[in-house]
Structure formats: C-alpha cells, structure tokens
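Encoded as structure tokens, the structure appears first; notes follow it.
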Amino acid sequence: MKTLILALLTCCAARAAALEEAVITDPGAETAPAQEEVKAPEPPKPPFKPSPEARLAALNLALLLERGGEIPADRLAALAPQLAAFNSAAEQALGAELLADAAAERSKKALQKVRTALQVWFGDNGGKYPPDLAALVPSYLPALPELRLPGHPLTDKVTVINTKKYDADLAKAVTDSGGWLYFSGEESANRGLLVIDCSHKSPAGQEYFKY
C-alpha cells in the first residue's frame, strides 16, 4: 500500500513539474515588453548673434550697394581686391553645403518671381509673352534677378530660344550658362517657359533646369 501511494505521489509531482516547465517555456506565453530607453531631448541651440564686426560689415556692404553710385570710380576700384578677399574668406567659412542650400533657395524664389511677372505680362498683353525678359523691366520687375549657382559666377544672363527645335527635348537647349533660359518662339510648345540654364544638381538631387 505504501508503495502504491509513493508511486502516485511521485507521478503527480512529475506531472506538476512538467506543467510548470511547459508554462515557462511556452513560446506563445505573453512576456512583458522591453522598456525602450528614452533619450533626453537635445537642448535647443542658442540663437545666432553676429559679432560687432559682422554687423558692421553688413551695414557697410548694404550702404555700398545702396549709395555706390555716389562713390568715385577710383575708390571703388581700389576696394575691389579687398571685397574679393572678403568674399573668398566668407565662402570658406560658410562651407560648400550651406552655400549650395542657400543657392537653391534663392534660385527657386527668383524663378518664381520672374515666372509670375511673365504671367502678369501675358494677361496684360492679350495672351502674348514678351520676346525677351528685358521687356519685364521696370514695369513688372525692378530688375532681372541675378543667379549665383554652384560652379557659376553671379549672372543675370538670358539665353533666348525663339524656335521649336527643342520641343521634343528641352534638356538639349540647356547650355549650363548659370543664367536664365527663356523660350519665346511663337510656334513652340514651350512658348513663355522660363527655366534656369544650369545642369548641376541641387542639394535635393534635381537638376536646376527642371525646377
């Protein structure tokens, strides 16, 4: 009798242990999700405060642009080497990435500005576009915006295409002058179209002439 009871107890103990192990190792059993480490937010960068020298340089350059016509030519010519040195140092400090970002932003704004002027001209002139962008100045634009793109000097050069030769492939008209490319041909499917004459890519990876 004792032997039978001992055997039953042993069997029950073995089954209980097996069930406990099954619960522990059950792959379907729910486990508490791991706690993700919460990173503290980075402190905000303090606002940029230009140095007194930078503020003075900005004021002098603004005055030079505004009142340069009143300065004798010989004094302006003497200043040119210093301005060139300043521009070189400033561009080196700014870095290629920041300069490229700024060029892309400025060129898009300038393009939109001139395209808007073209549409106003179109509405004011019986559905016709001007033969050249010079016709927009000064009634529709105070001056044609200058472009300063990577790999190109500052320019407001306009290349006018008055043929439909490039209707099938506009890209073939791009000469990479860094200026403006305007299609004025009356029979062209691109009539009135203005693009940036630059095949370089912006920081976003798009050629400038595709804007």
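Some notes on this structure:
- Whichever residue in region 164-175 is surrounded by 15 or more Cβ atoms within 10 Å (Cβ to Cβ) and out of contact with any strand residue (DSSP E or B) (no Cβ under 7 Å at 6 or more places or on another chain) and, among such residues, is nearest to Arg148 (Cα to Cα): Leu170
- Positions within region 57-83 being surrounded by fewer than 10 Cβ atoms within 10 Å (Cβ to Cβ) and touching a residue at least 24 places away in the same chain (Cβ under 8 Å), in sequence order: none
- Residues considered: Gln92, Gln82, Gln35. Of these, the only one that is at pLDDT below 90 and polar (S, T, N, Q) is Gln35.
- The set of residues in region 117-168 being closer than 16 Å to Gly185 by Cα and among the basic types (Lys, Arg) consists of Lys128, Lys164, Lys165.
- Thr116 part of a loop (DSSP other than H, G, I, E, B) and within 24 Å of the chain's Cα centre (by Cα): no
- Under the condition of being more than 15 Å from Phe209 (Cα to Cα) and of a type in the set (Val, Ile, Thr), the residues counted in region 137-188 number 3.
- In this entry, Asp176 passes the filter for residues that are touching a Gly at 6+ places or on another chain (Cβ under 9 Å), of a type in the set (Asp, Glu) and at pLDDT 95 or above.
The values are calculated or read from the model by the stated rules, or taken from the named source; none is laboratory data. The structure displayed is predicted, hence computed values, not measured ones. Virtual Cβ from ideal backbone geometry, glycine too; neighbours counted across all protein chains shown.
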